[in-house]
Amino acid sequence: RLELALELGRSGDELALRLALSNALSNAGRGALEAAHGFLAAADATANADDALELRTRALEQLSISGHVNQALELLRRLCRDVGVNLPRGRIGIFLAYLWHRVRLRLIGLPQRIDGAAPPRSAAEHRLYMTAFMHLPLLDPLLANWLHARTLVLALRTRDRAMLGLCL
């Protein structure tokens, strides 16, 4: 912390220091909000999009765990937008979108077997969905159900076994 506060590290070292501090705070179960801000700062400093998504997802986990609901939901909306998912606004919009996806699931049904190649998805995108499926039900159950139904429909339509495995 002292080295970061005094800005003694070079820019390359600063990213490593921020990550080390955020990991230490996260693993110690202390300073979840500070760890989240560290992960966000590290994500802003990295040039790799997948690494940035991974770090922001870790920040989402820390915000969720520490009970910062509004900040976590705001970050989730941003992350979903980054991977091409537009979350509906408002409770009625979420509920109607959820019903739409449930009707689609009923019409599609679950296949006995899934063959074929799925579109490539990054490990960071999978982690985002896994984090959302684990933490979002505590923050916003209706939004969690919508995201789950939407992702399941997408996985069935694109025959993505890995994503289907996350959903089921």
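The values are calculated or read from the model by the stated rules, or taken from the named source; none is laboratory data. Quick caveat: nothing in here was measured; it's all calculated off a predicted structure. Cβ: placed from backbone, ideal geometry, glycine included. Neighbour counts: every protein chain shown. For the accessible areas, the whole protein counts, side chains as well, though only heavy atoms, and no ligand, DNA or RNA atoms are used. Shrake-Rupley method; radii C 1.70, N 1.55, O 1.52, S 1.80 Å.
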Diffing the range 50-61: the Karplus 3J(HN,Hα) column from phi (6.51, -1.76, 1.60, θ = phi - 60°), in whole Hz with x for Gly and Pro, holds 5, 5, 5, 5, 4, 5, 5, 5, 5, 5, 4, 4
Binned at 10 Å from zero, the C-alpha pair distances of the range 31-121 give percents of 15, 32, 29, 21, 4
Expected field for residue 158, accessible surface area in Å² at 1.4 Å probe radius, rounded to 10, holds 40 Å²
In the range 66-168, the trypsin sites (Lys or Arg not before Pro) that sit in a DSSP loop and have at most 11 other Cβ atoms within 10 Å of their own Cβ are 89, 113
Residue separation between residue 50 and residue 158 times 0.36 nm, minus their alpha-carbon distance, gives in nm 36.7 nm
The Cα radius of gyration of the range 34-81, divided by 2.2 N^0.38 Å with N its residue count, comes to 1.03
